[in-house]
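Only one structure is covered here, and it is reproduced in the block below.
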Amino acid sequence: MTPHLDQPRHRIVVALDRSSYARAVFERALDLAAHYAGCELHVLTVQEANAPLDGVEAELAALVAHGLAAHRRAAPDCEVRLHARCGRPVEEISALADEVRADLIVIGRFGSHRPFRRIGTVAEQVLAAAPCPTLVVQLVDPRVRSMQADTNRL
């Protein structure tokens, strides 16, 4: 289905690191995209400044292809664009959202190694710098959730 000419395309920037949780964040973004005809997903991964991008783009493409294969029926007319950049994640995520005039940023809250922080540092900074609404997908390792439950009972 193509969007009507009078309907603006909904643009979502999906910021992924290359952790084991990236797939879950991308799948959540695909679920959201299914609600908008002709949605554009801009999938971004950011390497540290001056780090080589060799293999990063291919890894991102593989992750996206896997997610699209599983969700293509839900969002058949969703357009996906891949972006691999070098720099500071917060700056690059915000810049891309601004460049594409994003309606939403989707980012994961990783950091299961810091179970007692309320939100990850990058996610927190993106919330402060974002030029549009931001959805933070909280992903917690089940072992961490168990430790949190034990602490809350004390």
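Has the range 14-28 got at least one residue that is farther than 21 Å from L139 by Cβ and modelled with pLDDT of 80 or more? No, the range 14-28 has no match at all. Among the residues of the range 15-64, those identified as hydrophobic (A, V, I, L, M, F, W, C), closer than 17 Å to E92 by Cβ and assigned to a loop (DSSP other than H, G, I, E, B) are L16, A49, A51, L53. One residue alone among E79, E99 is closer than 26 Å to R9 by Cβ, more than 12 Å from the chain's Cα centre (by Cα) and at pLDDT 95 or above, and that residue is E99. Look at P142 and say whether it is exposed (fewer than 15 other Cβ atoms within 10 Å of the Cβ), of a type outside the set (D, E, K, R) and either farther than 17 Å from V13 by Cβ or at pLDDT 95 or above (or both). Judged against the criteria, P142 is a match.
The values are calculated or read from the model by the stated rules, or taken from the named source; none is laboratory data. Note that this is a predicted model, so its numbers are computed, not measured. Reconstructed Cβ throughout: ideal geometry from the backbone, glycine too, with neighbour counts over all protein chains shown.
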